[in-house]
Amino acid sequence: MASSSTPKYISNSLENSSSKRTLKDGTNWEQNEEIPRLPGETRVTDKDVIYMCPFNGPVKGRVYITNYRLYLRSVENDPVVILNVPLGVISRIEKMGGASSRGENSYGLDITCKDMRNLRFALKQEGHSRRDIFEVLTKYAFPQSHNMLFFAFVNEEKFPENGWMVYNPMSEYRRQGLPNERWRVTFINEHYGLCDTYPSLLVVPYNATDEDLKKVAAFRSRNRIPVLSWIHPETQAVIMRCSQPLVGMSGKRNKDDERYLDVIREANGQISKLTIYDARPNVNAVANKATGGGYEGEDAYPNAELFFLDIHNIHVMRESLKKLKDIVYPNVEESHWLSSLESTHWLEHIKLVLTGAIQVADKVSSGRSSVLVHCSDGWDRTAQLTSLAMLMLDSYYRTIEGFEVLVQKEWIGFGHKFASRIGHGDKNHADADRSPIFLQFIDCVWQMSKQFPTAFEFNEQFLITILDHLYSCRFGTFLYNSELLREKEKVTEKTLSLWSLINSEKSKYTNPFYSKELNRALYPVASMRHLELWVNYYIRWNPRIRQQVFNVKFVKMEGKK
Amino acid sequence: MEFSELIKTATVENVLLWRPGLAAPVRGTLCITSHHLLLSSCPRGDLELWLLIRNVDAVEKRVSGSSGTITLRCKDLKVLQLEIPGMEQCLNIASSIEALSSVDSVMMMYPFFYRPPSLRLEQGWHQFPLRRFFQRLCSQTSQWRLSTVNRDFSACPSYPEAVIVPAAVSDDTVTKAARFRQGGRFPVLSYFHPRNGTALLRSSQPLTGHNRRRCREDEKILGTILDEGERGFIIDTRSAQAAKQARMSGGGTEPKSSYPQWRRIHRALERGRPLQESFIRLVEACSDPSLSMDRWLARLDSSRWLSHIKAALSTACLAAQCLDREDSKVLVHGAEGTDTTLLVTALAQLILDPSCRSLQGFQGLLEREWIQAGHPFQLRCAHSASSHVRGKQEAPIFLLFLDCVWQLSRQFPFSLEFGEELLLTLFDNAYASAYGTFLCNNEKERWVLCKVKESTHSLWVWLNQPEEKHKYLNPLYSHNPLVIWPSVEPQSIQLWQGLFLRWIRPSQHLDEAWQEIQRLVEGNNNWSKESTGKRLSQTLPDTTAGTENGK
């Protein structure tokens, strides 16, 4: 194995095992300690187990559980097998086998993770060994279900950079040249009175009064009124986001909403129609009328054209990712790999999201037209579309700090329900609210970075780190569903920001080939032919995608004869 | 034959041309010469097209009313469209292109007429003689010798004049053994592994036939290279079944009883017609504009191209494995020993031997293991994926090799000194070229029959000119002395978009990125203290990084 010819570059930037990474992260790991620990991390229990490694067979080891992680170190293997799993990634813990189970290693725990892997530990059948570890794990992996704090609230790490300072809505709007004579900043939502899932600071047309906004809110699902996300520095065309109008079966109309959309159109001095992108498939939009929702009809909005972008809902995406996991973990479907990949439809969904975002960006940039983007509630598909379009149009968002701002603004600020979609600390693994919408967004970003290798300041490791901490609960960044709730929980005071970790060690996340260029719109090719599965993320636990494995196979082949 | 007889209409005005990368069609004057199709735009007079007619794989014509459209499908997978006013003109142009592109006399081909001012004839044809390879070998071992037994191409018409054989075996023995191998391709040394002194040999199948013929001389060649008790591996690139069946037509395999120290491993690699069809299906899928995208992966899968790559790489790894890990000598052959055999031996060397991974070394490898080793380029590359001629001999074995090299370069982005551009150039030139390098099927034809080396220019000389060479280098290259074991898992094998989607995808950004990387790396070498330099040294293999940290 020593002749591994993997160049340095690869092993540094595409770290395959989380163990290595977390070891480096652990600022408080002293050599004489048994396991790495973060400041504020405390040992809870440990136990001898057999880790049923799907790649190398059973591994005898000792598992340590802290209030942050599950850590396993093998006792007999050389090199030592290490497993380092933040408890936040656990989605489900099951007991396998009963006290009377026969057969080797058939009694123990099955752990399903949110990051494309499963873990299985076999235990001794004596005593209450399993009950204890099961209870401890359940308690610390699902603190929300046990009235406990997330680890982020007890984490005592210190970083030279303060990630909470990265995003300031006011300075971000100023960077965009706002407010100006056509757009104003409103504090109407300062105490989340207008909309409890929106940020406190909003940008709206200068010609719309706060009274107007209140009336519009009544006609938009969950009061998520159309507000400005981004303005084109030259064309002054804008990207607006909102939720669906409450048209309902009876085809209700709302004069204020209609006038408001016209005001948006006119703010750009635009004569042509306002373009509305409804992210949903046409049928779904129609079906939403049954539950009081719907879309902007032609009669009511003669000055707008509506396009459906055919992106499916959170349930379809969840099922698609589940299928993807089935074919890549633990073993990759070898025969007909591409056909099985196709049957998951994962890349097709990626394609639709990217295609939608390209349309939005192109309309604003080449079409010089303002656009309004919504789906049903305007916090999943809408966030994907606006943030990707902004990434295509504005080179600032392609820097490390700019991307942090983008995530902070379009996702966290505008109430993507991270807590519900990820299920932070929640034991209800089958919750229908869970869905990999943010992962899908990051995948789209990765696809773009593949097509434009010098356009992004950050590297693949940056994206993987974001995804790892999307689940880990070590930072407050992705906790809770809205700004209102985060304020209530005092997240910025009591927890650390993920950007503190990243910005304190920026070089690790920097793309060496980045070449700064201003304001060039990047349109990725979104055809299936040009999309790739993100192997370094989805299949990273499989040691076979690394080199050298050929050996093992050869020896096996020889052994059989 | 005169070219002028084939050209029915030499010039047509007012022709509309569509080619990839062109936003709008151009109008201009079309001109056919003996070897080229030219189009200069009107009224600007820019040369918009300069196409080697040999590059045309298929001509499709459609006439409607008073004008006609000709679609030219090129061997490099580009597709051009010409709209020609006048039905007769259109048909004339089409038949002229058809006739000129299918001229089959080698000496009528463009390389025999191409005389670039910057190059001298006969330059470069001796750039990679086997002798130099042998000299290096001599310094490492005395077990092998350079034999000129084939100097008049009588022992084996598809071998070069000089070959490397075991030192202990006389030319007489070799001559006799040659009669026992198909096409006379007796076992010769392909690669010597200096780390442990093992060797890679190649040959064609033994002519055992159904009555299990034996040949003492052949057994002697294979016997002498193994010490007592030493075991060697024969990697047969056919399935056990196919190898057995070959006995019926006079071929076969080495039976255990006559070659007791050799162990046979069968690895079925696709070749011939099925491989050509796989290529055709893949190109069809890639260029199908109507293809509903959700079926793309299934079509890519069913073309089986990626599985052929996987199989080729795995077999090459197996050979490399036997040499490097099992310390065993290896003989590779299939049937004729001119296709899959060379694919495996060339790839195995690239995996094992760092000197093959330099630009020079790779050219040497191609010269030794493909061109001089007698891969029948003329037969295999007569047509590409779009031809309507369903030939029996065409097979994209060489393209499969280039694709495997590309896969290696993707998995080991720093280990090959050359980049994708070189592989693309090699593909283009293997199918249609201004240079003589890939003409003919073997050295005998090149030297004796066609005088290729006296009358054409070598591609290598062209490539190695400093201003050209620059394009083919990988800016990220850093010498890697280790064996590069590729991953052959299905998810590690990717479609070579740079080739198969070359004319379809907008490559501008990737090209710019490549230039940017080149610029950064050069900047890094020149001013390593500057900020880009610092950024690069963190991720690129850099020996000075350690000392910097030490401060």
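Just so it is clear, none of the values below were taken in a lab; they were calculated from the coordinates. These figures come from a predicted structure and were not determined experimentally. Note that each Cβ is placed from the backbone with ideal geometry, even for glycine, and that neighbours are counted across all protein chains shown.
Counting each DSSP H run of 4 or more residues in the protein assembly as shown as -39500 (n - 2.57), what helix-only mean residue ellipticity at 222 nm follows after dividing by all residues, to the nearest 500 deg cm²/dmol?
Numbers: 40 runs with 387 residues, N = 1112.
About -10000 deg cm²/dmol.
Counting partner chain Cβ atoms within 10 Å of every residue's Cβ in A:522-529, what's the average? All intermediate terms of the calculation are to be shown ahead of the outcome.
On the way: counts 1, 2, 1, 6, 1, 6, 8, 13.
The mean count of partner-chain Cβ atoms within 10 Å per residue comes to 5.
Sequence-ordered 3J(HN,Hα) estimates for segment B:377-394 from the Karplus curve with 6.51, -1.76 and 1.60 and θ = phi - 60° stand at 4, 4, 6, 6, 10, 5, 9, 9, 7, 9, 4, 8, 6, 9, x, 8, 9, 5 Hz, glycine and proline given as x.
Across all Cα pairs in segment A:179-284, the calculated P(r) in 5 Å bins from zero up to the longest distance comes to 2, 12, 22, 25, 20, 12, 5, 1, 0 percent per bin. Per residue, the convex hull spanned by the alpha carbons of segment B:103-146 comes to 107 Å³. Centre-to-centre, using Cα atoms only, segment B:33-65 and segment B:352-415 are separated by 29 Å.
The alpha carbon gyration tensor of segment B:211-323 gives principal lengths a ≥ b ≥ c with a/c of 1.5 or higher and a/b greater than b/c, which makes the shape prolate.
How would the protein assembly as shown be classified by its alpha-carbon gyration tensor: rounded, prolate or oblate, with rounded meaning a/c under 1.5 and the a/b versus b/c comparison settling the rest? Let's see the in-between values first.
Numbers: a/c = 2.26, a/b = 1.38, b/c = 1.64.
Verdict is oblate for the protein assembly as shown.
Rounded to the nearest 10 degrees, the inclination of helix B:87-101 to the longest alpha-carbon principal axis of chain B is 20 degrees. Give the shape of segment A:362-416 as rounded, prolate or oblate, defined through the alpha-carbon gyration tensor: a ≥ b ≥ c are the square roots of its eigenvalues, a/c under 1.5 means rounded, and otherwise the shape is prolate if a/b is larger than b/c and oblate if not. It is oblate, given that a/c is not under 1.5 and a/b is not larger than b/c.
Kindly provide log₁₀ I(q)/I(0) values, in the same order as q = 0.15, 0.21, 0.31, 0.32 Å⁻¹, from the Debye equation applied to equal alpha-carbon scatterers of segment A:238-278. Summing over Cα pairs of segment A:238-278 leads to -0.42, -0.77, -1.23, -1.25.
Radius of gyration (Cα atoms) of chain A, expressed as a multiple of 2.2 N^0.38 Å: 1.02. Multiplying each eigenvalue of the alpha-carbon gyration tensor of chain B by 5 and taking the square root yields semi-axes of 41, 31, 23 Å, largest first, rounded to whole angstroms. Here the spin labels are modelled as points 7 Å beyond Cα on the Cα-Cβ line, and at B:N14 and A:T42 they lie 9.1 nm apart.
In the structure shown, the pairs B:K8/B:K75; B:K329/B:K392; A:K363/A:K506 are assessed against 25 Å; a Cα-Cα span above that value is assigned to B:K329/B:K392; A:K363/A:K506. The modelled label-to-label distance for the pair B:S66/B:R410, using points 7 Å beyond Cα in the direction of Cβ, is 5.1 nm.
Which value, in Å³ per residue, describes the convex hull spanned by the Cα atoms of segment A:333-481? Display every interim value, and only then the final one.
Details: hull volume 21.2 nm³, N = 149.
Given the Cα convex hull of segment A:333-481, per-residue volume reads 142 Å³.
In chain A, the longest principal axis of the Cα atoms and the axis of helix A:255-267 are about 90 degrees apart.
In terms of packing, defined here as the mean over residues of other Cβ atoms within 10 angstrom, the peptides B:387-399, A:276-288 line up highest first as A:276-288, B:387-399.
Among the listed pairs A:K114/A:K409; A:K47/A:K114; A:K139/A:K427; A:K417/A:K488; A:K325/A:K427; A:K139/A:K494, a Cα-Cα separation exceeding 18 Å is found for A:K114/A:K409; A:K47/A:K114; A:K325/A:K427; A:K139/A:K494. Charged neighbours of B:G229, selected by a Cβ distance under 15 Å, balance to -2 (K, R count +1; D, E count -1). Amide H contacts of A:E457: A:T399, A:I400, each under 5 Å away and 5 or more positions distant or on a separate chain (H built 1.01 Å from N in the peptide plane; Pro and chain starts excluded).
Amide H contacts under 5 Å for B:C42: B:R27, B:G28, B:T29, restricted to partners 5 or more places along the chain or on a different chain, H placed in the peptide plane at 1.01 Å from N.
Given Cα pairs under 8 Å that are at least 6 residues apart, what percent is the relative contact order of segment A:170-318? Intermediate results must be reported in sequence, preceding the final value.
Working: 230 pairs, mean separation 26.8, N = 149.
In percent, rounded to a whole number, it is 18.
Per-residue shielding of A:339-351, expressed as the average number of other chain Cβ atoms within 10 Å of the residue Cβ, stands at 3. Straight-distance candidates among the aspartates and glutamates for linking to A:K215, with alpha-carbon spacing under 12 Å and chain neighbours fewer than 8 residues away dropped: A:D256, A:D257, A:E258. One chain, two ends: B:R295 and B:K256. Fully extended at 0.36 nm per residue, the span grows by 9.3 nm beyond their Cα-Cα distance.
Across segment A:460-469, computed HN-Hα scalar couplings (Karplus, 6.51 cos²θ - 1.76 cosθ + 1.60, θ = phi - 60°) run 4, 4, 4, 5, 5, 5, 4, 5, 4, 8 Hz from first to last residue, x flagging Gly and Pro.
Axis angle, to the nearest 10 degrees, between helix B:340-352 and the longest C-alpha principal axis of chain B: 80 degrees. For B:R115 and B:R231, a Förster radius of 56 Å and the Cβ-Cβ distance give a FRET efficiency of 0.55, rounded to the nearest 0.05. Estimate the FRET efficiency between B:R44 and A:E76 by the formula 1/(1 + (r/R0)^6), using the beta-carbon distance for r and 60 Å for R0, to the nearest 0.05. Computed FRET efficiency for B:R44 and A:E76 comes out at 0.20. Expressed in units of 2.2 N^0.38 Å, where N is the residue count, the Cα radius of gyration of segment A:439-554 is 1.33. Note on A:N162 and B:Q360: the model spin-label points, each 7 Å out from Cα along the C-beta direction, lie 6.0 nm apart. Rounded to whole numbers, the Karplus 3J(HN,Hα) couplings from phi for segment B:68-76 are x, 10, 10, 9, 9, 9, 8, 5, 7 Hz, using 6.51 cos²θ - 1.76 cosθ + 1.60 with θ = phi - 60°, and x at Gly and Pro.
Can you tell me the relative contact order of segment B:1-103? Whole percent, Cα pairs under 8 Å, sequence separation 6 or more. Don't jump to the answer; show the numbers that get you there.
On the way: 222 pairs, mean separation 28.2, N = 103.
Result for segment B:1-103 is 27 percent.
Dividing the Cα radius of gyration of segment A:283-412 by 2.2 N^0.38 Å, with N the residue count, gives 1.25.
Suppose a student asked you for the relative contact order of chain B, using Cα pairs under 8 Å spaced at least 6 residues apart; what percent would you report?
On the way: 983 pairs, mean separation 80.1, N = 551.
This gives 15 percent for chain B.
Summing charges over all other residues whose Cβ lies under 14 Å from the Cβ of A:S129, with Lys and Arg as +1 and Asp and Glu as -1, gives +1.
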